1. Among the residues that make up the stretch 143-159, is at least one of them more than 18 Å from the chain's Cα centre (by Cα), modelled with pLDDT under 90 and not charged (D, E, K, R)?
2. Go through (1) open to solvent by less than 80 Å² (accessible area, probe 1.4 Å); (2) in contact with a Pro (Cβ under 9 Å, 6 or more places away or on another chain) and name the single condition HIS14 misses.
3. Any residue in the stretch 186-213 that is under 19 Å from ILE64 (Cα atoms) and hydrophobic (A, V, I, L, M, F, W, C) sitting within a Cβ distance under 9 Å of a residue that is open to solvent by 90 Å² or more (accessible area, probe 1.4 Å) and at pLDDT 75 or above? List the pairs, counting only those 6 or more apart or interchain.
4. Among VAL48, VAL54, which is under 21 Å from VAL117 (Cα atoms), touching a Pro at 6+ places or on another chain (Cβ under 8 Å), among the hydrophobic types (A, V, I, L, M, F, W, C) and open to solvent by less than 80 Å² (accessible area, probe 1.4 Å)?
5. Can you tell me which residues in the stretch 95-128 are closer than 16 Å to PHE45 by Cβ and within 23 Å of the chain's Cα centre (by Cα)?
6. For the structure I just gave you, tell me whether VAL173 is out of contact with any strand residue (DSSP E or B) (no Cβ under 8 Å at 6 or more places or on another chain), more than 15 Å from PHE57 (Cβ to Cβ) and either in contact (Cβ under 8 Å) with a residue 60 or more places away in the chain or β-branched (Val, Ile, Thr) (or both).
7. Specify which of the listed residues (ARG44, ARG39) is basic (Lys, Arg) and over 17 Å from VAL19 (Cβ atoms).
8. Starting from the stretch 19-36, take each residue that is closer than 23 Å to GLY82 by Cα and part of a helix (DSSP H, G or I) and list its partners that are at pLDDT 95 or above and among the charged types (D, E, K, R), counting only C-beta distances under 8 angstrom and pairs at least six apart or across chains.
Amino acid sequence: MIRRAPAWRNILVHVIASVPLALTAYEYITGTLPIVLDRHLVIRFGAVGLAFLVASFSITPISIVSGKTNLKPIRRPLGVYGFCYIALHLLAYAWLSNYFGWALILRDIGERRAMSVGLLAFALLIPLVLTSTNGWQKRLGRRWKVLHRLVYFAVPLSVLHYFWLERDIKDWVFLYAAYVAILFTIRLPAIRRALARKRQHLQMIASETKDAG
């Protein structure tokens, strides 16, 4: 069962998620949006979407390391916001960059590997978002966890999409790749067990120290 997060945590997630949209609205109202609007918004929404997606993927490893599950309730809203911003990323690309010229879009997907990988990552996220509610978790039972392992493919594919884009500066891509690799490593059963033993050992030492004091 997915528990509810404390109100302030949900509010904080919503506030952070609204900042990019609020900034875009402010730029539109004040006339400060860049001339190359399509590239500006495609990059902004894509970067924010990836950040939220990776943040959502980080919650379980953080829980494994800390031994606490208090952040797990915000995993879902982080993931949903990641999906929504990635959807806006695609909308900005299709609308502002191509004016819904499907022939151009299909040609782009066929010729640029970054586009096909990004589209595949987005397609994998769709069933995750649609079944992210408590109701679907109850209906699917054990199959819910199996289905939601699609995120193991969607996250690295999203980073690969970012890496394959034609950009000269790839510092952020390498940081994302390294961070995601660490998150996968923490999830490995052997690592999880080692971290659990280490945490228990530290708790035992702390308890003994407290009793001695």
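1. No, the stretch 143-159 contains no residue that is more than 18 Å from the chain's Cα centre (by Cα), modelled with pLDDT under 90 and not charged (D, E, K, R).
2. Tallying (1) open to solvent by less than 80 Å² (accessible area, probe 1.4 Å); (2) in contact with a Pro (Cβ under 9 Å, 6 or more places away or on another chain), HIS14 fails exactly one: (1).
3. From the stretch 186-213, the pairs are ILE186/ARG192.
4. Details: VAL54 fails: touching a Pro at 6+ places or on another chain (Cβ under 8 Å).
Just one listed residue meets the conditions, VAL48.
5. Narrowing the stretch 95-128 to residues closer than 16 Å to PHE45 by Cβ: 95-98, 114-115, 118-119, 121-122, 125.
Within the stretch 95-128, ALA114, MET115, GLY118, LEU119, ALA121, PHE122, LEU125 qualify.
6. yes
7. Details: ARG44 fails: over 17 Å from VAL19 (Cβ atoms).
None of the other options fit; the residue is ARG39.
8. none
The values are calculated or read from the model by the stated rules, or taken from the named source; none is laboratory data. All figures in this text were calculated on a predicted structure; none of them were measured in a lab. Note that we place each Cβ from the backbone using ideal geometry, even for glycine, and neighbour counts take in every protein chain shown. Heavy atoms of the whole protein, side chains included, go into the accessibility calculation; ligands, DNA and RNA do not. Shrake-Rupley method; radii C 1.70, N 1.55, O 1.52, S 1.80 Å.
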